[in-house]
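**Q** So that we are looking at the same thing, I have put the structure below in structure tokens.
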Amino acid sequence: MTKNFRLILILFFLIFLNPIYVNSCDRAYNPSKITVAGGSITEILYFLEEQSKIVAVDLTSNFPEETKKFPSIGYVRNLSAEGVLSLKPTLVIGEDDMGPPDVVNQIKKTGIDIIILKEEHSSEGIIDKIKCVGEIIGEREKTIDIINNKIMPIKIELDNLSKNLKNQNIKVMFILTMDSGSPIIGGKDTSADGFIKMIGARNAFDSFEGWKPVGTESIIDAAPDIILISNRGAHSYKNLENMHNHPTVKYTPAAINRNIIALDGMQMLGFGPRTIETALYLSKKFQMIENN
Amino acid sequence: MLSIINLKFLNSAQSFILFFLLILLLLVLIVSFSLGSYSFPVLSILMGNTSAIEATIFTEIRVPRVILAAIVGASLSVSGACLQGLFRNPLADPGLIGVSAGAALGASTIIVFGSSLTSAFIFSTFLLPLSACLGSGLVILMLFLLTRGFGHQGVTYMLLVGIAVNAIASVGIGILTFISSDSELRSLTFWTMGSFGGITWSLLIPALIIIFISFLFLLPILRNLDILQLGESEAKRLGVNVKSLKYRIIFASAASVGASVSLSGMIGFVGLVVPHLLRLLSGVNHTYVVIGSALLGSSLMVFADLLSRLLIQPAELPVGLITSAIGSPFFLWLIFRINKI
């Protein structure tokens, strides 16, 4: 009786209150056919070797290369309810930018299990996310094993490197794109800010929030030691050589000392397993730069 | 240059306003040259005792940026004034004949497809402005062909074709917006709000030349534009070559607006409102309105860019946002004030 009552209560909450941020990591009723909305979640399912459960992915799921074989439900922030449901999933897992909210509510109303994961831009956040996905698909023990074997060693090494005070003095500027005149740069409370903190360095622009265009004079004034840019953002500059000579960054210590680094965007800001590996790679690289 | 402008058509109030606007522009320029997010005394630069980095910031970053703001402001306002005169329609602005939309389409194409195209080019910094210029050029060519040399059935027809061409360009931009990624979308959005960031001398000088030549084409015909206000057939009878007037205004506007928009992104409002401000102040004489538009347009734009650089530094506000924010309430105030009198 009480069990049924609890079930009714949960259903009531799911159907009528429609909280967007569910953030529960309870095991799903039937995780056998999953539609994924969010690149990092697809990455995690592959990481846990549970990719056979995936039936469809969104456009931000582009790693590993193989994900292209799945049907696409469109862009994570602009989904359509029918599209998501068309492959008859038993479970939908989405990142917290999954939307629009009305569509998410529509999907919930159909009674399909839909879980939206919380996003936290830190290595702990990544580990929590992996754990959460593991619990949802009912593979708790296996997930903890994989985390302990594959992620924890990286995290421990990264934490040790981050404690090194030298890296704290390195000012990093994260450029999203440079196509619209002034480059668009990650400020406080962005995924880029979280990523820079993971590396153990300092964001050169933590005086404003969000992604904003920044003028050349301010960039010179901030004097970043290292510039990070996504491959897509750097695409206009055939190679990094041109990028170093671009007028907006030319006079920064980063360009003068040839420390502009371009990597895949999702690899840095996806906050899946790859992000933590990339943070360690960059942390080591920064240490070398600092020592030279 | 004065020989091609006939200043005798100005009355004393208009001459005074123009003189005042010239002083205003000089003041705004001086303030803009001396302030920026990287602060240093400009006087020391002029005297030559300063660090290398400060001199570089001044000559390579601040000066070209302020000059770009000034010429973009001037070219948008002057084209607006001339097009309003040509179409005898107070709502005409450079956007109306589709130049801005064409430029936007060109720029968006590069923002979205740039990654697959750029491998063939070395001077990628030039690619976006070039493509924007090409876009506005194509729109004008289309307009020219559709209206059989701008002549067919008078200016109203051309206005309608302009609107249609505009809509076609918007569809292209819409499709590009739809297929763009997150970061590309952000670039597109900020591009449509305008920015003078990232300008260099090598980009500025070609634009400067194009805009200067277009102005030379426009200046001798300002009196004819006055006569055109009587109507096309009356103007013809009074000896005005209406066809050549059309050609001059449309090609000069397209060239100067195309060159501006390709470097600054879309900055609305200025081209529409600045000429009206001058008309509300002191009459509709085109010699006065067009020259005044050049001066007031540049002052407004340089001032807006100054605010864009300083208000939320180190970040930047899009300049198009500021031109509308300071211009529109002032415009409303002016309309109500004039109505009271």
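Only the coordinates and a few stated rules stand behind these numbers; no lab work does. Here the structure is a predicted model, which is why all the values come from computation and not from measurement. Positions of Cβ are backbone-derived with ideal geometry, glycine not excepted, and every protein chain shown enters the neighbour counts.
**Q** Report yes if some residue within the stretch A:253-262 is in contact (Cβ under 8 Å) with a residue 40 or more places away in the chain, over 30 Å from residue A:98 (Cβ atoms) and of a type in the set (D, E, K, R); otherwise report no.
**A** No, every residue in the stretch A:253-262 fails to be in contact (Cβ under 8 Å) with a residue 40 or more places away in the chain, over 30 Å from residue A:98 (Cβ atoms) and of a type in the set (D, E, K, R).
**Q** Only one of B:85, B:73, B:106, B:80 is within 21 Å of the chain's Cα centre (by Cα), in a helix (DSSP H, G or I) and within 14 Å of chain A (Cβ to nearest Cβ). Can you tell me which?
**A** B:106
**Q** Quick one: how many residues across the stretch B:28-53 are out of contact with any helix residue (DSSP H, G or I) (no Cβ under 8 Å at 6 or more places or on another chain) and either within 13 Å of chain A (Cβ to nearest Cβ) or in contact (Cβ under 8 Å) with a residue 60 or more places away in the chain (or both)?
**A** So the answer is 3.
**Q** Name the pairs whose Cβ atoms lie under 6 Å apart, with the first residue in the stretch A:131-148 and in contact (Cβ under 8 Å) with a residue 12 or more places away in the chain, the second acidic (Asp, Glu), and 6 or more positions between them or separate chains?
**A** Matching pairs, first to second residue: A:137/A:50.
**Q** Would you mention how many residues in the stretch B:81-104 are of a type outside the set (S, T, N, Q) and within 16 Å of residue B:264 (Cβ to Cβ)?
**A** Matching residues across the stretch B:81-104 total 8.
**Q** Does any residue of the stretch A:134-153 turn out to be among the hydrophobic types (A, V, I, L, M, F, W, C) and within 13 Å of the chain's Cα centre (by Cα)?
**A** Within the stretch A:134-153, none of the residues are among the hydrophobic types (A, V, I, L, M, F, W, C) and within 13 Å of the chain's Cα centre (by Cα).
**Q** Step by step: first the residues of the stretch B:174-199, then only those that are touching a residue at least 12 places away in the same chain (Cβ under 8 Å) and surrounded by fewer than 19 Cβ atoms within 10 Å (Cβ to Cβ), then the one that is farthest from the other protein chains (Cβ to nearest Cβ). Which residue is that?
**A** Per the stated criteria, the residue is B:177.
**Q** Can you tell me which condition residue A:245 does not meet? The list is (1) more than 7 Å from chain B (Cβ to nearest Cβ); (2) among the polar types (S, T, N, Q); (3) free of Cβ contacts under 8 Å to residues at least 60 places away in the same chain; (4) closer than 24 Å to residue B:318 by Cβ, and all the others hold.
**A** (4)
**Q** Counting just the residues of the stretch A:248-292 that are in a loop (DSSP other than H, G, I, E, B) and closer than 22 Å to residue B:186 by Cα, which one comes out nearest to the other protein chains (Cβ to nearest Cβ)?
**A** A:248
**Q** Checking the condition of a type in the set (Gly, Ala, Ser) and buried (at least 23 other Cβ atoms within 10 Å of the Cβ), which residue from A:74, A:39 passes?
**A** A:39
**Q** Turning to a different aspect of this structure: Tell me, yes or no, whether the stretch A:197-211 has at least one residue that is assigned to a helix (DSSP H, G or I) and polar (S, T, N, Q).
**A** no
**Q** Still on this structure: Between residues in the stretch A:194-216 that are away from chain B (no Cβ under 14 Å) and residues that are among the basic types (Lys, Arg), which pairs lie under 6 Å by C-beta distance while being six or more apart or on different chains?
**A** A:202/A:171
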